[in-house]
1. Could you say which residue among Val253, Val242 is modelled with pLDDT of 95 or more and either part of a loop (DSSP other than H, G, I, E, B) or closer than 28 Å to Tyr165 by Cβ (or both)?
2. Can you say whether His160 is within 16 Å of ligand 1 (Cβ to nearest atom), under 19 Å from the mean Cα position of the chain (by Cα) and either aromatic (Phe, Trp, Tyr) or at pLDDT 95 or above (or both), as far as the supplied structure shows?
3. Just give me the residues in segment 256-295 being among the β-branched types (Val, Ile, Thr) and closer than 26 Å to Cys245 by Cβ, in sequence order.
4. If we keep just the residues of segment 152-166 that are surrounded by 20 or more Cβ atoms within 10 Å (Cβ to Cβ) and among the small types (Gly, Ala, Ser), which is nearest to ligand 2 (Cβ to nearest atom)?
5. Quick one: how many residues across segment 230-265 are within 24 Å of Ala137 (Cα to Cα), among the aliphatic types (A, V, I, L, M) and touching a helix residue (DSSP H, G or I) at 6+ places or on another chain (Cβ under 7 Å)?
6. Answer yes or no: is there a residue in segment 13-36 that is under 22 Å from Thr328 (Cα atoms) and in contact with a strand residue (DSSP E or B) (Cβ under 8 Å, 6 or more places away or on another chain).
7. Of the numbered conditions (1) at pLDDT below 95; (2) more than 30 Å from Glu288 (Cβ to Cβ), Pro171 satisfies every one except a single condition; which is it?
8. Tell me which residues, restricted to segment 164-193, are small (Gly, Ala, Ser) and closer than 20 Å to Leu263 by Cβ.
Amino acid sequence: MPLALELTPAWQDLKNKLRSEVGDSVYAVWFSCLSVCSWDGAILVVASKPGTERFLSERFGRTVERCAQAALGDHVRVAFEGEAAADAHKALRDAGRHHADPVLRDQPFVPRYTFDQFIIGDGNRLAHAAALAVAEAPGAAYNPLFLHSSPGLGKTHLLHAIGNYLAAYEPATTVRYTTVEAFTNDFLAALHGRALDQFKELYRTVDVLLIDDIQFLENKLKTEEEFFHTFNALYDSGRQLVLTCDRLPVQLVDLEQRLRERLEAGLVAHLAAPDQATRVAILRKRAEIDAIEVQEPEVFELIAERVTDNVRLLEGALIRIVAHHSLTGRPLDLGLARDVLDELYPPVGVHIGAQHTSPKQIIGAVAQSFSLSADDIVSSSRRAKVSWARQVAIHLCRELTDLSLDQIGRNFGGRNHATVLHACKRVQERIIVNSDDAQTVDVLVRQLAGHQADGDS
Ligand code: ADP
Ligand code: MG
């Protein structure tokens, strides 16, 4: 029922999110005629201008998917009309995981999150080996397996890899992937709809339960209780549990002691940030998968030098450079990479010491550049010029200081961290598509960098 979806607020919401993610001009060029080809509650197949699908899928596929997930649910996968859509359906069908329970549905695995596509380095060797061992012999190796790391280091990727592996090699094994958020929603829906038995059946009868982002269980008393019982039911009958978290079990201070102890009972494996060689390997793989042709291989080295502790951001930097290349026609070489990275991640030599540039200095410089007052910048005015200047100043605080989002927000009249993030995103989008804006920001960066070089004048 594609049309039905197009009439819903969720579709509007998706498009609005996409517009704000990619920026008005990119949206106008590529997505103004975005439409729904098919929608079955799990896979959304979209079309845009004829002939652009491959390009859009490569360049913006993940962005569109992220927006679709925000609007329609975490489990949603997006494909562009044509090959990719057929592939996504096939992958799901082959995996035998596509059943249409209207309330409680499996989250399908992301096809590209496989062991094959996971690059091993010193930082993640143990976690990878443990995940693979679990996939090969669920319930027998390490139980539970608890993977923890800071964001963007491959936890979700490994969870899906276990699911993809089992779907491919042990189709009789039942596997369920869920995020704590989906688990919570399912649980509350079941409570509400008096479907608790169905809920229990669903979660307590699988051979392998993969649960992502367990930290979100904190402060959800009822759900935590239910999760504890689910955990025990599975564990006691020899089923495999794999959990991910952004922290160690002991650091989950808001969880009950008894659950923390359960989480620690198996293998706790940490994923550390990849080293330079691993980062380069990840970028090469990414480029190979997305058929990105880089003119100079040193581009990978350069990106890996600048973006060091989050693979998501590492891949994001590559995608940003590629986007620049497709929008401006500049070759995908070191010059382009350097220009884009200088904006995103100033090189060490130019990097402005956190303590040396204060929000006040940044606000002052931005105000001057836009012929406004510092008060205008932090005011609540929504005049286009003022809010653009404010967004630039917020962006610069993010790039040039070590302040947290909330701390930055406080310097701008008590704005919250979502507003800060939004501002940063807007600036990053505009400087990709508008060279005047890029130059304005560039000049400010140089000026503030010079400020530091001159001493604190
Ligand atoms: P986390 O769940 O820890 O926040 P993800 O699993 O979502 O991180 O990883 C973020 C992105 O980085 C994903 O696109 C993932 O495929 C990629 N990634 C992370 N680690 C690796 C790796 N070792 N090899 C290849 N890709 C990786
Ligand atoms: Mg994750």
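The values are calculated or read from the model by the stated rules, or taken from the named source; none is laboratory data. Here the structure is a predicted model, which means the values were calculated and not measured. Positions of Cβ are generated from backbone atoms using ideal geometry, with glycine treated the same way; all protein chains shown enter the neighbour counts.
1. Testing whether each residue is modelled with pLDDT of 95 or more and either part of a loop (DSSP other than H, G, I, E, B) or closer than 28 Å to Tyr165 by Cβ (or both) leaves just Val242.
2. Yes, satisfied.
3. Within segment 256-295, Val268, Thr278, Ile282 meet the criteria.
4. Within segment 152-166, the match that is nearest to ligand 2 (Cβ to nearest atom) is Gly154.
5. Final tally of qualifying residues: 6.
6. No, segment 13-36 contains no residue that is under 22 Å from Thr328 (Cα atoms) and in contact with a strand residue (DSSP E or B) (Cβ under 8 Å, 6 or more places away or on another chain).
7. (2)
8. Of everything in segment 164-193, just one residue is small (Gly, Ala, Ser) and closer than 20 Å to Leu263 by Cβ, namely Ala182.
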